[in-house]
Structure formats: structure tokens, C-alpha cells
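To start, the structure itself, in C-alpha cells.
Every read-out reported here was derived from the displayed coordinates using simple, explicitly stated rules and does not represent laboratory data. If you're wondering where the values come from, they're calculated on a predicted model, not measured in any experiment. Positions of Cβ are generated from backbone atoms using ideal geometry, with glycine treated the same way; all protein chains shown enter the neighbour counts.
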Amino acid sequence: MFVDQVQVTFRAGHGGNGCVSFRRERGVPRGGPNGGRGGNGGSIYLVSDENLNTLAYFRFHHINKAPRGAHGEGGNRQGKGGADLYLNVPVGTIVREKNKNQVLFDFISPKQQFLAVKGGKGGRGNASFASPTHQAPRECEKGQPGEEKDFTLELKLIADVGLVGFPNVGKSTLISKISAAKPEIADYPFTTLIPNLGVVDVDEFRSFVVADIPGLIEGAHQGHGLGTKFLRHVERTKILLHLIDMSPYTGRDPVQDFRTVMKELEAFSPRLIKRHQILAANKIDLLGGDKSSLEKVRKMADREGLPFFAISALKEEGIRRLVNELAKTLEELQEKSK
């Protein structure tokens, strides 16, 4: 089950109370205070795990509690501390306080840790209050309460290339041909209901990650179709690969399809259209002898200054050239970032 946004409550453990106690031992006529302090409450940490790709655990565990610290005891025995609770989240998870936009932490690599809520400190026992002028203290401290906070966890998949386009343009077919990913493929709109990730092996030493984003339609930024539910996953990609359906049987204008997708991307975030983009015209095997629509798309790509590729994902025509171009562009972008 793919879950990419959840509301959670984290409760750290309370600190244990300090103890009031006095020595009562045979042969010790002047027994002093020996009340121990309480143990500290457990804290809750979030830890990024590269083997996870969903926040599904938190869908069924909205409230997470760390154990409290034990109370102090006589004989100067300190209460046992509550164990810290470590919860795994996927790389790419963003942590915000509930109903606030400020990002508290962004997990961009594996094994990062974020202290979500801190456990309460244990209270002091009466032994801690003894002094030369106060030899029989009867006071102690209560343990401090642990923190409790509500958070929003949001997952943005980290991929090098994001596949965008109308439903049924062949995104799932393409990702299945260039990687080991096995998304559902069928001849009806919105076959892909969750983003799919695939690792593309270019050669022995080079690879990159592709994300297949569920299809966009006109009005997606207003909630039409799948709306903006998965557009957040495009924000982290380095390259946007526009896939256009060249099939003459759709009844749509491929140039207008591109304009519509660009409009929806800009409506969601103006920064997206400034991302490096590549245009691929898919399903050229269905064109037959009439290549006029393909030339129309090629000229539009030239006007937009976008690299253009004519491919058939199903027949695996032209996809090797496309993969090599993606790998080359990613290397160039990486060099520029350095």
C-alpha cells in the first residue's frame, strides 16, 4: 500500500518521580536519606531507511508512545529509564508540525535521525536534597512530563527523472522496458494509481532512478482526475521527461497535450517548468505512413528548445538513445552542481 502523507501524534515518556526514603538498618543509629531519583522518559526518533518507500505503517499507527521512566526507590536506587523509540521512515520524508508549513526536517539520505519528541527528565529523590544544614530532607521532585506533538509526515520520492504526461501515453510501458519495475499496464485511463520507481542501468558503472508519475489531465491543479496528489513527487526530480501519445486513435492534439501538462505543472509550482526537460513522442509505430503530426511535435520541441526523441516504448524503438541522453544530461547537471 502506497501512502505518502499522514498525520501522527508522538508522545514521549514521562520522567519517573523521585523517592523519599531513609536508611533503616540495624546497627546504623543515624540513618540518612536514601531516596533515589526517577528514570528519564523515552524519546521518539525518526530514522530514514532506504528500504522503505511508503508511510503505510503510520496509517495504522497514528499515535506512537515511548515508555515512561520508572520511579526512584529507597537505597539510592534510581528508576529505570524508558527506552527510546526509533521509527523508520522512507528517504524523502519531510517532517512538519501539524497545520504549519515550516519544514522541521528533510530526510534526504539514509540513516539520518530526527528527535521528534524528548522524554521527560526524572525527578530527584530526597537523597539529592541532603546537606550539612538539612540532614533529613523529606522533599523530592516529580518527574517532568514528556513532550507531545502532532506532526505531518509527507513523502516526496527522490528520483533523477520524472515521467509526466496524460493518462495512457505509455509511461508505465516505458519504465517497464528500461528498468526492472513492473507497474500495472492496461488500455484504460489512470491505470497507474501510485508513483512507480525504477532503477535504469545504463552500463556497468552508471544508473539512475526514474519515477512514473500518475497521469495528469487538464484541471489537475484544481483537483480533477488524480489532482495534485502525486505532483509533489516531481519536485525532487532533476529532469522532467514529457511523454506524448502520437497514436492517431486518441482524438487529441499531441501539441495541445504538451501545453496542458506544462500549464498544470506551472499551476502547481512555477519552479517545475524551469526544470531541465526532454520531450519524447511515443507510439510512433501506430503512425503508419502519415508523419505530419510527428513533424509538428518535432517543430514545437525546436521552438521550445527541448531535446526531442521519437520512440515506441512497446516496440523498444529509440529508447536506448533516450536512456543515453538522460544519463548524459544527468552527468552534466551533476557537474554543474559541483
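Below, the figures for the structure above:
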read-out: Long-range lysine pairs (8 or more apart or interchain), the stretch 262-334, Cα under 21 Å; value: 11
read-out: Fraction of beta bridges assigned by DSSP in the chain that are antiparallel (%, nearest 5); value: 55 percent
read-out: Protection proxy ranking of 68-75, 121-128 - average other beta-carbon atoms within 10 Å, highest first; value: 121-128, 68-75
read-out: Order by protection proxy (mean Cβ within 10 Å, highest first), peptides 55-63, 199-207; value: 55-63, 199-207
read-out: Correct choice for Cα extents along the principal axes in Å that was computed from the model, options [x] 58, 44, 37; [y] 91, 42, 35; [z] 110, 42, 33; value: [z]
read-out: Folded to 0 to 90 degrees: helix 319-337 orientation relative to the chain principal axis, Cα; value: 50 degrees
